[in-house]
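Down below is the structure, laid out as structure tokens.
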Amino acid sequence: MMEKIVFALITVMIIFLLPPLLDGISRKVKAKIQYRVGASIFQTYYDLQSLLNMEPILPTERLAFRIAPYIAFASALAAALLLPFGSFVPVAFTGDFFVFLYVLAMFSVAMMIAGFSVNNSYTNAGANREMMLILSIEPVLGVAIGVFALNAHSLSIGGIPLNITFTPSLILAYVLLAYAVYVEGGFIPFDIAEAETEILEGPLCEYSGRLLGMFKWAMLIKRLALLWLFVSFLVLPIMKNIIDITTFTGGLATLAVQLIVLFIIYSIIAIIEASNARLRIDQAIRQNTRVFLAGLVVLLIAALGW
Amino acid sequence: MSAKPKLRSVWVFHLNTGACNGCDIEILDILTPFYDAERLGVKLVGSPRHAHAMLVTGPLTRQCYYGAKKAIKAMPPKPRIIVVIGTCACSGGIFYNGYPIYRRSESGREGCEYPRRGGIIELIEDLRDEGEYVGPVIYIPGCPPRPEEILYGIAQLLGLVEKKLEGEHYTEEVGFELPEAPINERIRLTLREKLRHVVGYFDRDKILEDFMELVKKAEESEKPKEELKKLIDEYNAKIRDVRISFCMRLLENEYWRVRDALSAGKEFVYWV
Amino acid sequence: MPVTLRYPFTELEAPPEYRGLPHIDPKLCIGCGACVNACPPDAILRIDDYDRGTRKIVLDIGRCIRCARCEEVCPTGAIRLTNLFEAASPDRRDHIQVVELRLVRCKVCGNYTDFTERQVKKALQILPKEILEEEALEERVFICRNCRRKGTVDATINATKEVVL
Amino acid sequence: MKYLEELKAKFGERIEEIKQLAHNQWLITVDKDILHEVVVYFLKHPEWKETQLSTMVGTDERPLRGKFSVIYWLSVNGNSDDVYIGIKAYLPADDPRFKSVTPFHKGANWYEREVQDLLGIIPEGHPDPRRLVLPDDWPSCVYPLRKDFHYSDSPQGKKYYPYREPPQGTTVHPIGPYHVALDEPAHFRLYVKGEEIIDCDYRGFYSHRGIEKISESRLTYDQICFIAERICGICGFTHSTAYCQAVEAAGEIEVPERALYIRTIMLELERLHSHLLWMGVACHLTGFDTGFMHAWRLREYVMWLCERLTGNRKTYGINLVGGVRRDFLDYRKEMIEDVLKKLKSEFGKLVDDLTSTRTFIKRCEGVGVLPYKLAHEWSVDGPLGRGSGRDFDVRRDHPYAAYGDLDFKVPVYKEGDVLARALVRIEEIWESIWIIEQALDQLPGGDILAEYKEIPPYREVIGTTEAPRGENVHYVMTGPGNTVYRYRARAATYNNLPAVPDMLRGYTIADAPLIIASIDPCYSCTERVQIVDVESGKVRILKEEEFNKLSIKASRRV
């Protein structure tokens, strides 16, 4: 029981407090590439703190506008809670893999609600883009996880990484998953929905103060959840061969490795972000569609058992 | 310098009210590697709704007035900091009383008031009259201000540095000095004006001072003309700058010409 | 590697060529107003007060465009553009510099003239001795324009009378 | 000039006067009824391929001869000739109307709307006679550039602007006045279907600061140099140079050669930093911040250099009528050489980085195409024109400052997309470095500032420079005493911006900021200086005029 509480505490800490730090690190990495000192790695905490302390200004009376950030926050949180932290999966049940996809989509729906609830062509355009992007990338994510599920004969996110066997299709599935996670996370060149210089952060354009802070925080948590998924799929299958994950120390060690890999991946993403320009929505969708078709092929290969 | 910052995160929105672009580019410039305002927690955002502070540039044209007012009202009610960047925004700058520039009717358009009125303050006062809250205002004059100047202003806002400037008022009591140059004042002014056309206003004083030193030394000797020539040769060998040497030679010729003319009683009104 | 400057956490000096904040040396200023005429944005004002007998030269850094025309035209080198640049302040009054000088009181009518005592001193420095003595200028410079004109007119009238006679 | 004979033969009696103003400038005075015919004759002349409408000036000459006047300034470019032709017509004071050129040449659109706004001279047959320059709340029938209008008056009217009706089935997507992609306020209304842009309306002149009126009223010749420099905070020096050249030509002042070379070097340094700035902005707009940071890091070397050469990073303030104010001492020359060396080694790397960033190139290629024909119709200039195949550059075709002595290439691309414009600018940076090196080598001795006595009044002349954005044309009509009578500054963007709607059509809102930025717009340049109720009856106008006169008085409190 004690072990559970410790893991639960660590998990909560990771989900709530780690994302801003990761963002801070990412900003620092980008700054270094750009020959700058950059902000302190805790800058994102300061930003969130100041936003959350600020009284928002409401451009509309609609309830949807006010609750959208909370929906987004809740869905990001829910997504994160479905993932394995070491051996500990906060919320686990068979078929949670569908729930994961569902809550991620929920997040985007919250963005769309936010975008369409005000009469502003920037937020509308942003919501539009979010919708198009999500519609084109969710299938890729689904296919990627589907390949894993097929391979592991499991429909639970906690179960999949522990049961997979290495086949050629699995390696392709990792590539697919990496791509889907990257795009869904809204990293450059796929930060199309929140493009600052084009449509002024899209759906978030009209938000301010506390509500904006919630949204920003939720987005960071969502990124964490996506990356954590990838990291878990990467780390757990390897770790389970080295150490017994189900023990307390084994779980802690796995968690530590997960964290280290997460930091590394986040830094790599920062480097990719720093060396790319943003794509146009039609270019991104075309690319996603192509990847999706490739994904179907992979699914076929996996179904054949290779 | 080690003071703890009052604010750790300042998101700024950039509001141009008809500026010439100079200040606007300098604002972007503080984000670039050499200045990197992100260190101080500054982030440029695209929507006034996200902003803690408004960076205002420009003399506030009438066409911009409505948009600027809307933008400030769109900011969250607190803290609504206004950072006024550039001479135009501080007081209207060189454009201050042109016909398309907005001014409150109380401000007049051709008065002799000081501090000089104009710029964004006209809008802020209008907003305050309407009962809108507007937070602290900090003025950063300059045309355009250097990026360091803007950083300094922002650092002041964050409580990292203290202000250095204070209003000054002098009366006759400070005393009056009428410096005596080693050469006749009329000749000095003539040469000074001549130099303006040769090396420009900026370098002339230094060159003229050096020249007068040499003249002073030369005049003490028996044959001033030859002595001055020798001194200038030495000086030129030391300074190794074509332009300064050129000026020295020119000054030498001019000096004797003007001096001879003056002592011959010819009138010289070179300077005005 | 990062190239970022340490400023504002360290002191920093602008290059000597920089046209920074203008400053009037109150000991050198003669209040001639050459800078006022040259200044394109009217950042320098000349405010004469004939009741109190003062002339104020008011410089507003918040209006100054740092063109250095004032420095170029100043006959005494009193106004200069320093290489200081840290002018940010929450109070516009910090940007003001005032130099208040005494105007000459006319020896004849007792009113204040439109030039300062320092201007006269400077003029006397420039004018050659011979002219000063010849025209008895030492006396006449302390007389206001009106009285001087009146004096000239009177002299002319006297002269014509002499001719007529 | 051989074409004058041809012109005389064609229009005969109705040409009132032909006079030469400067070595390459002619002024042809014609009857107002054939004004548009003469202008179109030159613009469409088969032998002058790159002829373009350089500027157009309306003047209130009522105090002088009881008439208004308009001059169309055309420049003959390319390999054809080095000529500027002014075509002038006088209009009666009580009914200042002339036939619009816009139906025949789109490029005249803004010019004619501007004289209508500022002087009340009405171009008959103009297809879009909306307000252009004056604020939305400016009263109608008050014309600030007329001589009976005091420069600091600012009468208040009712706020109103007739935007175009959006086409069927589109929604309005406004860009600006405060959009992060636009450094300066300007208002584009995109009429979009989904993400695609169907049409576009533009309401600019948010930065109209009345520079011309201030110059004509409050300032002296030397002071105008500094306000001219503040027309634009990026390419200000070309403006003050163009102004100085105009006044120097009018006053027949011989500028010392050293001053010309110093001007040339400063102009090219300005081009360097302006183009680097543009590259940075283009990267920033596409979300490629690393490119932005590195371009601006390089630019900073140039800025520091300029600060040490002239005393300020941007507003150099070293131009005066007759020369320059600061000299290049030897150590300053060395500084320039050092910076050039640094630039040469690092700029190549930057270009490599940019061109190897696939996502960036993808965003630029084939976007915002402006074909040659349209480019000619809109009379666009500068890198925008050269990116669309217009082979013309003021530095080469009408040499000023020291450009006549120097050797350089003018890059021209035919594609007309954003990428072509970027490539033109990249090549121009290399050329600029080369020009500065030559000028430094050849820097002559002597004075830097000419002395002059007086500038004769009522002479008309133009000065032109090639700004980083294109052709700058400054028209000066000298006045009595130490003032100008009429000053008209035309910045490069003034010709380029009207072409933007044509470039936007068919692309998406994601491309819009990049396309707009690709012309390197400088709103403050353009707008230094759209509701005349044409349909309303005469009686009403009279009433309004009286009312507005009252409001003028009210607005002026001394």
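Laboratory data are not the source of any read-out in this text; all were calculated from the coordinates shown. Treat the numbers as computed from the prediction; the structure is a model and nothing was measured. All Cβ positions, even for glycine, are placed from backbone atoms using ideal geometry, and neighbour counts span all protein chains on display.
From the convex hull of the Cα coordinates of chain D, what is the mean projected area in square nanometres?
Details: hull surface 100.7 nm².
Averaging across all directions leaves 25.2 nm² for the Cα convex hull.
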- prompt: What residues from segment C:26-43 fall in the zone where the backbone N is under 18 Å from a label point 7 Å along the Cα-to-C-beta line of C:ARG145?
  reply: C:31-38
- line: One finds, for C:ILE157 and C:ASN37 with R0 = 35 angstrom and r their Cβ-Cβ distance, a FRET efficiency to the nearest 0.05 of 0.50
- prompt: Given a Förster distance of 35 angstrom, what is the FRET efficiency for A:LEU296 paired with A:ALA8, based on the Cβ-Cβ distance and rounded to 0.05?
  reply: 0.35
field: Helix-only mean residue ellipticity at 222 nm for chain D, each DSSP H run of n ≥ 4 adding -39500 (n - 2.57), per residue, nearest 500
entry: -12500 deg cm²/dmol
- request: Using +1 at the Cβ of each Lys and Arg and -1 at the Cβ of each Asp and Glu in segment D:352-416, identify which of D:LEU384, D:VAL367, D:ALA401 lies farthest towards the dipole's positive end.
  value: D:VAL367
query: If you put +1 on each Lys and Arg Cβ and -1 on each Asp and Glu Cβ, how big is the dipole of segment D:211-526 around its Cα centre, in Debye rounded to 20?
result: 840 debye
message: So for each of B:204-216, D:315-327 I average, over its residues, the number of other beta carbons within 10 Å; can you give me the resulting order with the highest mean first?
response: D:315-327, B:204-216
message: Cut-off is 10 Å between beta-carbons; in what order do D:THR508, A:THR94 appear when sorted fewest neighbours first?
response: A:THR94, D:THR508
field: Nearest-ten-degree value, helix C:117-126 long axis tilted from longest Cα axis of chain C
entry: 80 degrees
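Residue by residue through D:442-452, how many Cβ atoms from other chains fall within 10 Å of the Cβ on average?
For this peptide, the per-residue mean of nearby foreign Cβ atoms is 3.
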- request: Could you list which residues have their amide H under 5 Å from that of D:MET56, counting only those 5 or more apart in sequence or on another chain, with H placed in the peptide plane?
  value: D:TRP73
- prompt: Does segment B:10-157 come out rounded, prolate or oblate, given a ≥ b ≥ c as the square roots of the eigenvalues of its C-alpha gyration tensor, rounded meaning a/c under 1.5 and, failing that, prolate meaning a/b above b/c?
  reply: oblate
query: What is the dipole size for the protein assembly as shown, taken about its Cα centre, with +1 at each Lys and Arg Cβ and -1 at each Asp and Glu Cβ, in debye to the nearest 20?
result: 1980 debye
query: Given the Cα-Cα distance of C:PHE9 and C:ASN83 and 0.36 nm per residue of separation, how much length would full extension add, in nm?
result: 24.7 nm
- line: Note to self, chain B gives a 222 nm [θ] from helices alone (DSSP H runs n ≥ 4, -39500 (n - 2.57) apiece, / all residues, nearest 500) of -13500 deg cm²/dmol
- line: Expected max-MSF residue from A:ILE188, A:ILE145, A:ILE67 in the GNM of chain A (alpha carbon, under 10 Å) is A:ILE67
field: Dipole of the protein assembly as shown [Lys/Arg +1, Asp/Glu -1 at C-beta], most positive-end residue of B:CYS247, D:PHE68, D:PRO501
entry: D:PRO501
task: Quick one: which residues, 5 or more positions from D:GLU61 or on another chain, have an amide H under 5 Å from its amide H? H modelled 1.01 Å from N in the peptide plane, none for Pro or chain starts.
output: D:LYS67, D:PHE68, D:SER69
- prompt: Once every DSSP H run of n ≥ 4 in chain C is given -39500 (n - 2.57) and the sum is divided by its residues, what mean residue ellipticity at 222 nm do you get, rounded to the nearest 500 deg cm²/dmol?
  reply: -8500 deg cm²/dmol
task: Output the direction-averaged projected area (hull surface divided by four) of the convex hull of the alpha-carbon atoms of segment C:22-164, in nm².
output: 11.0 nm²
field: Label-point gap, in nm, between C:LYS129 and D:ASP441 - each point 7 angstrom along Cα→Cβ
entry: 5.9 nm
query: Just how large is the dipole of chain B about the Cα centre, in debye to the nearest 20, putting +1 at every Lys and Arg Cβ and -1 at every Asp and Glu Cβ?
result: 1120 debye
- request: Normalise the Cα radius of gyration of segment D:211-526 by 2.2 N^0.38 Å (N = residues in it) and let me know the number.
  value: 0.98
- line: So for R0 = 45 Å, FRET eff. of A:GLU61-C:ASN111 from the Cβ-Cβ r, to 0.05, ends up at 0.05
- prompt: Using 7 Å Cα-to-Cβ label points, what is the D:ASP128/C:GLU17 separation (nm, one decimal)?
  reply: 4.4 nm
message: Principal axis extents for segment D:97-147, Cα atoms only, whole Å, descending order, please.
response: 30, 21, 14
task: Give the angle, between 0 and 90 degrees and rounded to the nearest 10, that separates the Cα long axis of helix C:145-164 from the longest principal axis of the Cα atoms of chain C.
output: 30 degrees
query: Under a GNM of chain A (C-alpha, springs under 10 Å), which listed residue has the highest mean-square fluctuation: A:LEU63, A:LEU224, A:LEU252?
result: A:LEU63
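Does segment B:94-163 come out rounded, prolate or oblate by the C-alpha gyration tensor, with a ≥ b ≥ c the root eigenvalues, rounded set by a/c under 1.5 and, if not, prolate when a/b is larger than b/c and oblate if not? Kindly include the intermediate steps, with their values, before the conclusion.
Numbers: a/c = 2.58, a/b = 1.47, b/c = 1.76.
Judged from the Cα gyration tensor, segment B:94-163 comes out oblate (a/c at least 1.5, b/c at or above a/b).
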Calculated from backbone phi, Karplus (6.51, -1.76, 1.60) coupling profile of segment D:214-222 in Hz, x at Gly/Pro: 4, 5, 6, 10, 9, 10, 9, 3, 5
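Within 10 Å of each Cβ of C:74-80, how many other protein chain Cβ atoms are there on average? Write out the running numbers ahead of the final one.
Details: counts 1, 6, 3, 3, 1, 0, 1.
Mean inter-chain Cβ contacts per residue within 10 Å come to 2.
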message: If the reach is capped at under 18 angstrom between alpha carbons, list the lysines near D:LYS49, excluding any in the same chain fewer than eight residues apart.
response: D:LYS2, D:LYS106, D:LYS373, D:LYS414
message: Can you tell me the convex hull volume per residue for chain A, based on C-alpha atoms, in Å³ to the nearest whole number?
response: 132 Å³
- line: Going fewest to most other Cβ atoms within 10 Å around each Cβ, A:PHE166, A:PHE42, A:PHE148 line up as A:PHE166, A:PHE42, A:PHE148
field: For the protein assembly as shown, with +1 on Lys and Arg beta carbons and -1 on Asp and Glu, the positive-most of A:GLN49, D:GLN156, B:CYS90 along the dipole
entry: A:GLN49
task: Please turn the phi angles of segment B:184-195 into ³J(HN,Hα) values with the Karplus equation 6.51 cos²θ - 1.76 cosθ + 1.60 (θ = phi - 60°), one per residue in order, whole Hz, x for glycine and proline.
output: 3, 4, 5, 5, 4, 5, 4, 5, 4, 5, 4, 5
query: Could you give me the ³J(HN,Hα) list for segment D:204-211, computed from phi with Karplus coefficients 6.51, -1.76, 1.60 and θ = phi - 60°, whole Hz, x at Gly and Pro?
result: x, 6, 6, 9, 5, 10, x, 4
message: Need one number: nm distance between label points at A:ILE238 and D:GLU254, each 7 Å from Cα along Cα→Cβ, rounded to one decimal.
response: 8.1 nm
- line: Note to self: C-alpha centroids of segment D:308-361 and segment D:189-249 sit apart, in Å, by 24 Å
- request: For D:ARG490, list long-range residues whose amide hydrogen, built 1.01 Å from N in the peptide plane, is under 5 Å from its own amide hydrogen.
  value: D:VAL473, D:HIS474, D:TYR475
- prompt: Name the GluC sites (Glu not before Pro) in segment D:37-127 that are in a loop by DSSP and that have at most 11 other C-beta atoms within 10 Å, would you?
  reply: D:GLU47
